[in-house]
Amino acid sequence: MAEKTVLRCQHVATMAEGAPPYGLIEDAAIVLSGDRIDWVGSWQDPLAQQAGPVIDYRDRLITPGLIDPHTHVVFGGNRAVEFEMRLNGASYADIAGAGGGILSTVAATRAASQQELLDTALPRVDALIAEAVTCIEIKSGYGLEPEAELRMLRVARQIPQLRPVRVVTSFLGAHAVPPEYTGRADAYIDTVCIPTLRAAHAEGLVDAVDGFCEGIAFDTAQVARVFDAARDLGLPVKLHAEQLSNLGGARLAASYGALSADHVEYVDAAGVAAMAEAGTTAVLLPGAFYTLRETQAPPIDLFRKAGVSMALATDCNPGSSPLTSLLLTMNMGCTLFGMTPAEALAGVTRNAARALGLTDAGTIAPGQRADLAVWDVSHPAELAYRIGFNPLHARIFGGEA
Ligand SMILES: [Zn+2]
């Protein structure tokens, strides 16, 4: 039997659903056994005091380790120059003419070796880890050709061998139409995207299948063909949907029992109802909303009323969200979208786990993985309230500090 350790602290936010808010326990203890949580409750309970050696975190707060359920952290190149051009007055056409936009990231990703992609992704992963992130979702989608898509996913699979973090992958071949298929999106889906998905799955590289349903990307019929292929392989799906317009992507995703529909600023009441019915989580991405200076916020009230669970993610990517702070993302979720601090914390713990189909993470309860964060704060609302401040005291991954 694994040796037990007791963590004592002022507050534990278990993030259990329902009352009290945050699942808060005062003068609390968590008993760890190996890489699992064995017990959580009051320090006054004899079970806690007799379980094993105690680590006393005093007046601190313990939450589940944070989960970033939507990132594109593996990519080649850098779009800072494009950012500068835009702010110096260049038009979108000027930037595209100079080789900018998503296709510049595709070109740089195709040109990068696996080692180069890994070397540039790790500092971004480290920034997330420094804020208590213990699980990261990582997508392909900048290769858009078989070998480069596989390379991105291989890099994602390497990261947990080099860092104490869990990685969940999504195949995002249907992210954009590559330049060699301009005007032939259907041919790209059928002859490149779907065969590459099958190859990536055969190599064990795919945990879920994603797409981008938008006027500038793929329509619902094209995404449906990718989702049919995912279903044949037994893989769950998710979708970038209703970011800039309402094409019915959220409804399509829900009809496939999607884990999540992401962005969803423009989702309508029918889309929200379909998501509620299917148990599809709304993954909200305020970093992209901020960077693109969007004005239509996602319908938080509709999600609340329908009982759609809401998650938050950095959407870390070089174009629309060069963001590697999940704490700042929580603040943006509150300030830009009107989420409560409790919803923001649930969004990067319990609901982020749900968005990834994980049942052993995101809450502090017996049997869950011992992925925890110890914070130098007295109340959980401080995590979403402060801007540019990291109060992390300790991070515990699989029971190891
Ligand atoms: Zn994205």
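At-a-glance table
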| quantity | calculated |
| --- | --- |
| Distant-in-sequence amide H partners of residue 311 (H built 1.01 Å from N, under 5 Å) | 282, 283, 284 |
| Cα-based reach from residue 238 at 28 Å (exclusive), listing lysines while leaving out same-chain residues under 8 positions away | 139, 305 |
| Simple Cβ-charge dipole of the range 66-356, Lys/Arg +1 and Asp/Glu -1, about Cα centre, in debye nearest 20 | 500 debye |
| Formal net charge of residues neighbouring residue 267 (Cβ-Cβ distance under 15 Å; K, R +1; D, E -1) | -4 |
| Euclidean distance of C-alpha centroids, the range 217-285 and the range 2-73, integer Å | 35 Å |
| Local net charge near residue 301, Cβ-Cβ under 14 Å (Lys/Arg +1, Asp/Glu -1) | -1 |
| Label-point gap, in nm, between residue 163 and residue 304 - each point 7 angstrom along Cα→Cβ | 3.4 nm |
| Loop-located trypsin sites (Lys or Arg not before Pro) in the range 1-60 whose Cβ has at most 10 other Cβ within 10 Å (DSSP) | 58 |
| Whole-number D in µm² s⁻¹ for the range 1-99, Kirkwood Cα-pair radius fed into Stokes-Einstein, 20 °C, 1.002 mPa s | 124 µm²/s |
| Listed residue (236, 165, 85) projecting farthest to the positive dipole end of the range 66-356, Cβ model | 165 |
| Value of [θ]222 nm, deg cm²/dmol, for the chain, DSSP H segments ≥ 4, -39500 (n - 2.57) each, nearest 500 | -10000 deg cm²/dmol |
| Under 11 Å, Cβ to Cβ, from residue 193 - net charge with Lys/Arg +1 and Asp/Glu -1 | -2 |
| Within the range 120-207, GluC sites (Glu not before Pro) in DSSP loop having at most 14 other beta-carbon neighbours inside 10 Å | 203 |
| Shape category assigned to the range 246-377 from the gyration tensor of Cα positions, a/c cut at 1.5 | oblate |
| Where trypsin sites (Lys or Arg not before Pro) fall in DSSP loop in the range 148-254, at most 15 other Cβ within 10 Å | 184 |
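Every read-out reported here was derived from the displayed coordinates using simple, explicitly stated rules and does not represent laboratory data. This one's a predicted model, so the numbers in the text were calculated from it and none came from an experiment. Glycine gets a Cβ as well: all are built from the backbone with ideal geometry, and neighbour counts include every protein chain shown.
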